[in-house]
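Following: one structure in C-alpha cells, then a few remarks.
What follows is calculated from the coordinates using simple rules that are stated; it is not laboratory data. These numbers were taken from a predicted model, which means no experiment stands behind them. Glycine gets a Cβ as well: all are built from the backbone with ideal geometry, and neighbour counts include every protein chain shown.
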Amino acid sequence: VSNASDASFHSVSFSETDHPKVLITGGLGQLGVGLAKLLRKRYGKNNVILSDIRKPPTHVFHSGPFIYSDILDYKNLREIVVNNRITWLVHYSALLSAVGEANVALARAVNITGLHNILDIAAEHGLRLFVPSTIGAFGPTSPRNPTPDLCVQRPRTIYGVSKVHAELMGEYYHHRYGLDFRCLRYPGIISADSQPGGGTTDYAVQIFHDAVKTGKFECNLKPDTRLPMMYIDDCLRATLEIMEAPAETLSMRTYNINAMSFTPDELVQEVQKQLPDLQVTYKIDPVRQAIADSWPMNFDDSNARNDWSWKHDYDLPELVQTMLNFIGSESQ
Ligand code: AKB
C-alpha cells in the first residue's frame, strides 16, 4: 500500500542531541536555497538535502546535496526518506495564490494531494514536519486588522483553501497519530537573491529590481493596499526556531508570524528616500487586487512571541536598505 494506514504509523525516536537529517521539498522556490544554507551551517552540509522536480542551477548543485523528488510520487518520496534516514521534512512545494487561480487543477494536485503524501510519509517514518501556511489562509470574513491565530478562515483562493486544509490535516495527524507537525503562517516574504513565483505580494520584491535596474516600476496593486510582510532572513530564522522549539513550549501547532505591514505607497516612499528618481505607475491586476483585499492588513503574532520568543529583526527601513544594497551590488 502506498498510503500509510493507522497501524503502520510508528515513531522513530529522534534524539535532540543528534543533528537532524533534513529534506526540503520545493527546494528551488523562493525559500528553499536560503533555508538549506542556514540549516547546513548549523547541522552540516550533508545533513540537509534540497529537492525539486526542476534541474538546479550550477551554484545550487555544488553547494550541497540535491535530489530529484516529486511529491506526487509516494514511492519516490518514501525511497528518499528511507535511503537518507530523513528525520525532519520541510515541505515547501506549493503553487502560490495568483498562479493557483490560473491553474486550479494543478494547485489542487500539488497543494492538497501532495500534502497528503507528505503527511503520510512523515507519520509513517516519525518525522518532524514543517509546512508553511500563509496570510492567504484567511479571507474576507476574517478579522483583517489585526488577524489573530484563531478566527474565521474562509479564504476564496485555491491556495488559501489548500493551506487551511494543510493546517487542519497537520493538526489532526498531530492529535490522532502524534505527528510532530509544526506550521507558521508566513506574511509576504521579501528576498533579494531568489524570486517568488506567482504570488500576490510579489510586487514588494519586484519593485527593488526595477528600481535599481530601470528606475521605473509598474505596481499591480492599488497604492493603499496594506499587507503584512517580512524579510527573508527573519522568515528563515523563524522556521529554524519553530523547528528547534521544545514541544512543551508550543501551545499550538500553527502560528501567525509577522514583522511589518505596509502599502505600495509607503514602500515607494521608503525606496524613494534612497532612489528619489524612481518613477512609479499603477496598473491594477484585478485578480491580485481581489485577493489582497481579502487578506489580513495586520497580523497578530503575539502567541509566537509569547510561546517561543519570536522576534523580528527587520522593519521597513532596514528591509529597504538591505534589499537595495544587495541588488545594487549585484548589478554593478
Ligand atoms: C502569495 O502572495 O501568494 C504568497 C503568500 C503571501 O502566501 N507570497
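Values computed for the structure shown
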| item | result |
| --- | --- |
| The stretch 128-239, relative contact order [Cα under 8 Å, separation at least 6], % | 27 |
| Anchor LYS75: aspartates and glutamates whose Cα lies under 14 Å away (excluding residues fewer than 8 positions away in-chain) | ASP120, GLU124 |
| Additional length obtainable on full extension of the chain from ARG154 to VAL287, 0.36 nm per residue less Cα span | 46.1 nm |
| Folded to 0 to 90 degrees: helix 32-43 orientation relative to the chain principal axis, Cα | 60 |
| Length-normalised contact order of the stretch 166-295 in % [C-alpha pairs under 8 Å, at least 6 apart] | 36 |
| Descending semi-axes in Å of the stretch 239-332, equivalent ellipsoid built from Cα gyration tensor | 32, 20, 11 |
| Space enclosed by the convex hull of the alpha-carbon atoms of the stretch 38-79, per residue, Å³ | 76 |
| Ordering of 273-280, 18-25 by packing [mean C-beta count within 10 Å, highest first] | 18-25, 273-280 |
| Per-peptide average of other Cβ atoms within 10 Å, ordering 214-226, 42-54 highest first | 42-54, 214-226 |
| The stretch 94-161 - Debye-derived log10 I(q)/I(0), Cα point model, q = 0.28 Å⁻¹ | -1.12 |
| Peptides ranked, highest mean first, by Cβ atoms within 10 Å: ranges 31-40, 97-106, 128-137 | 128-137, 31-40, 97-106 |
| ARG85-LEU168 FRET efficiency (beta carbon distance; Förster radius 45 Å; 0.05 resolution) | 0.95 |
| Cα-centred dipole magnitude for the stretch 97-242, charges only on beta-carbon of K, R (+1) and D, E (-1), debye, nearest 20 | 360 |
| Two-decimal ratio, the chain, of alpha-carbon radius of gyration to 2.2 N^0.38 Å | 0.97 |
| Relative contact order of the chain, pairs being alpha-carbon contacts under 8 Å that are 6 or more residues apart, as % | 18 |
| Per-residue [θ]222 nm for the chain (sum of -39500 (n - 2.57) over DSSP H runs n ≥ 4, rounded to 500) | -12000 deg cm²/dmol |
| Spin-label model distance (nm) - MET252 vs ASN306, 7 Å beyond Cα toward Cβ | 1.0 |
| Filter on LYS41/LYS273; LYS37/LYS311; LYS216/LYS311; LYS163/LYS222 - keep pairs with C-alpha separation over 27 Å | LYS41/LYS273; LYS216/LYS311 |
